[in-house]
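Participant: First the structure, then my questions, so here it is.
The values are calculated or read from the model by the stated rules, or taken from the named source; none is laboratory data. Computed from a predicted model, the values in this text were never measured in an experiment. Heads up, the Cβs are rebuilt from the backbone with ideal geometry, glycines too, and the neighbour counts pull from every protein chain shown. Quick note on the areas: whole protein, heavy atoms, side chains included, nothing else; ligands and nucleic acids left out. Shrake-Rupley method; radii C 1.70, N 1.55, O 1.52, S 1.80 Å.
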Amino acid sequence: MGRKIGLVIAYNGELFQGFQRQPHGNTIENSIEEVLLKHKLINQRFSPEIQYSAASRTDKGVHAIHQVISFNTDYNPDKVVDIINNDLFPRIAAWGYFTPPWDFNARHWVLERIYIYVIDKPLDISKNIITDCGSKLRSNISLVIKYLVFADKTMFVFRSRGFSKGEIR
């Protein structure tokens, strides 16, 4: 089926049960898949046959500003972007596209994932951040502990090729 396209999407996860498809869930993947099927931009659900892949997943209520997905379609990427934006904006927006190589897999080709956590309380900066984060954040993770302290919030920025569930929770 057609050629592979890569989309760069952003979304507000407040109203979703996470990124990954669920049988009867309101998820980002379900929403995008339904729009693509409705407009016949793909002829079947996301599957290995259409070479669908996503760079990462997010949990319920989590937002993304630069999520990459790819899949095969017979349609021009401009049309795909327009249809997604017409049907799903402002909850989900496709804000860019690219033509990846035939063997591209968004999950496996990712160079870096950046996670930003905002905590609704100030951080006591007199404490040692590494110790307070717990032993799950081991030194083998390429971790940037940039933190900004606001009046009532703390922001952590983690950078890595990926994290296991245990390391990020």
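Participant: Taking the Cα-to-Cβ direction at Val110 and at Arg3 and moving 7 Å from each Cα, how far apart do the two end points lie in nm?
Facilitator: Roughly 2.7 nm, to one decimal.
Participant: Ranked from the most accessible area to the least, with a 1.4 Å probe and all protein chains present, what is the order of Phe89, Phe19? If you can, show how the numbers build up before the last one.
Facilitator: Working: Phe89 130, Phe19 0 Å².
Putting Phe89, Phe19 in descending order of accessible area: Phe89, Phe19.
Participant: Leaving out ligands, DNA and RNA but keeping every protein chain, what accessible area does Thr58 have, in Å² rounded to the nearest 10, with a 1.4 Å probe?
Facilitator: For Thr58, the solvent-accessible surface is approximately 30 Å².
Participant: A further question on this structure: Heads up, I need the accessible area for Lys4: 1.4 angstrom probe, whole protein in place, Å², nearest 10.
Facilitator: Its heavy atoms expose roughly 20 Å² to the probe.
Participant: Any chance you could count the Lys pairs in the stretch 1-112 whose alpha carbons are under 18 Å apart, treating pairs 8 or more apart or on different chains as valid? The partial results should precede the final answer.
Facilitator: Details: Lys4/Lys40; Lys4/Lys79; Lys38/Lys79; Lys40/Lys79.
Within the stretch 1-112, the lysine pair count is 4.
Participant: Further, regarding this structure: Once you have the Kirkwood Rh of the stretch 7-96 from its Cα pairs, apply Stokes-Einstein at 4 °C and 1.567 mPa s and quote D in µm²/s. Intermediate results must be reported in sequence, preceding the final value.
Facilitator: On the way: Rh = 12.9 Å.
Once the numbers are plugged in, D ends up at 100 µm²/s.
Participant: At a 1.4 Å probe radius, carbon and sulfur cover how many percent of the accessible area of the stretch 1-96? Working shown, then result.
Facilitator: Details: 2440 of 4900 Å².
Whole-percent figure for carbon plus sulfur exposure: 50.
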